1. What do you reckon, is residue 6 crowded, with 18+ Cβ neighbours inside 10 Å, touching a residue at least 40 places away in the same chain (Cβ under 8 Å), within 16 Å of the ligand (Cβ to nearest atom) and part of a helix (DSSP H, G or I)?
2. Looking at 98, 123, which is the one that is surrounded by 15 or more Cβ atoms within 10 Å (Cβ to Cβ) and closer than 25 Å to residue 39 by Cβ?
3. Could you check the stretch 199-210 and list, in sequence order, the residues that are touching a residue at least 40 places away in the same chain (Cβ under 8 Å) and in a loop (DSSP other than H, G, I, E, B)?
4. Residues in the stretch 187-198: is at least one farther than 17 Å from residue 47 by Cα and not in a helix (DSSP H, G or I)?
5. Tally the residues that are under 26 Å from residue 145 (Cβ atoms), outside any helix (DSSP H, G or I) and within 17 Å of the chain's Cα centre (by Cα), restricting the search to the stretch 17-56.
6. Restricting the first residue to the stretch 121-133 and requiring it to be on the phi > 0 side of the Ramachandran plot, which pairs with a second residue that is in a loop (DSSP other than H, G, I, E, B) and more than 6 Å from the ligand (Cβ to nearest atom) meet a Cβ separation below 7 Å and a spacing of at least six or different chains?
7. Of the residues that sit in the stretch 42-61 and are within 12 Å of the ligand (Cβ to nearest atom) and modelled with pLDDT of 95 or more, which one is surrounded by the fewest Cβ atoms within 10 Å (Cβ to Cβ)?
8. Identify all residues within the stretch 144-189 that are touching a residue at least 60 places away in the same chain (Cβ under 8 Å) and under 10 Å from residue 207 (Cβ atoms); write none if there are none.
Ligand code: UDP
């Protein structure tokens with residue numbers, strides 16, 4: 001049995017719209033995850049908030065408050081994507097590190113395990129529950145906590161490059177790179193806090209572009225066209 005933590009960036013879910021959701025994109029993700037669940041994979045999911053709100057880009061309000069809005073944005077993303085997953089025949093649950101009445105349930109490792117045992121896809125909304133962190137860090141943290149075999153990072157870019165491929169046409173893509181090299185060269189995989197957490201706890205990662213055909217299914221089966229980050 002393979003347990004994977006899938007991190008979806010908010011922007012990737014927005015598709016060409018750049019904000020909100022592109023239902024076709026999210027339904028495509030759901031269909032792929034359905035195949036994995038049917039194949040016996042256990043899937044946990046963390047979703048970014050960039051399609052709604054980023055705490056650090058808000059200039060005029062207090063950072064802690066801005067980050068609280070960001071964390072709630074990730075909960076909305078989880079509820080939406082979870083419902084699309086249900087429309088594709090999967091059972092899901094949204095767990096958060098803080099109470100939101102009856103809308104979500106409080107995260108714990110035991111609760112996660114219980115849901116995985118019932119073939120449910122488990123969404124981890126609300127980030128770490130603390131400001132000044134990111135959903136990158138949340139994804140690495142939850143992957144470690146739930147004993148995931150690896151962390152799959154589905155992004156708008158198709159792997160890890162030695163420089164920004166948007167501004168440098170000669171940027172070179174890595175097939176494989178160590179987490180130490182990611183840290184030393186500050187490569188764009190996950191942010192520094194998340195990178196250090198992944199290194200200290202030996203959590204391997206796979207970075208790939210969400211929009212390739214069957215991209216998530218292939219990555220889960222080890223058929224990787226993106227970049228493998230070793231520990
Ligand atoms: N956020 C937070 N703590 C967390 C996770 C997320 O405060 O543990 C907030 C933060 O404001 C962040 C936003 O939620 O900007 C969306 O998360 P994401 O990781 O997508 O943001 P990004 O790293 O792209 O700014």
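The values are calculated or read from the model by the stated rules, or taken from the named source; none is laboratory data. Because the structure is predicted, anything quoted here is derived from the model rather than measured. As a convention, Cβ positions derive from the backbone with ideal geometry for all residues, glycine included, and neighbour counts pool all protein chains shown.
1. Details: crowded, with 18+ Cβ neighbours inside 10 Å: yes; touching a residue at least 40 places away in the same chain (Cβ under 8 Å): yes; within 16 Å of the ligand (Cβ to nearest atom): yes; part of a helix (DSSP H, G or I): no.
So residue 6 fails the test.
2. The unique qualifying residue is 123.
3. Within the stretch 199-210, 201, 203, 204, 210 meet the criteria.
4. yes
5. The first filter runs over the stretch 17-56 and keeps only residues under 26 Å from residue 145 (Cβ atoms), leaving 26, 29-30, 32-56.
Those still in the list that are outside any helix (DSSP H, G or I) too: 39-54.
After this cut, where a residue has to be within 17 Å of the chain's Cα centre (by Cα) as well, the list is 41-54.
Of the residues in the stretch 17-56, 14 are under 26 Å from residue 145 (Cβ atoms), outside any helix (DSSP H, G or I) and within 17 Å of the chain's Cα centre (by Cα).
6. That search, which allows pairs on different chains as well, returns 126/97; 126/98; 129/97; 129/98.
7. Residue satisfying both the conditions and the ranking: 46.
8. 151, 152, 153, 154, 155, 158, 159, 160 - these are the residues of the stretch 144-189 that are touching a residue at least 60 places away in the same chain (Cβ under 8 Å) and under 10 Å from residue 207 (Cβ atoms).
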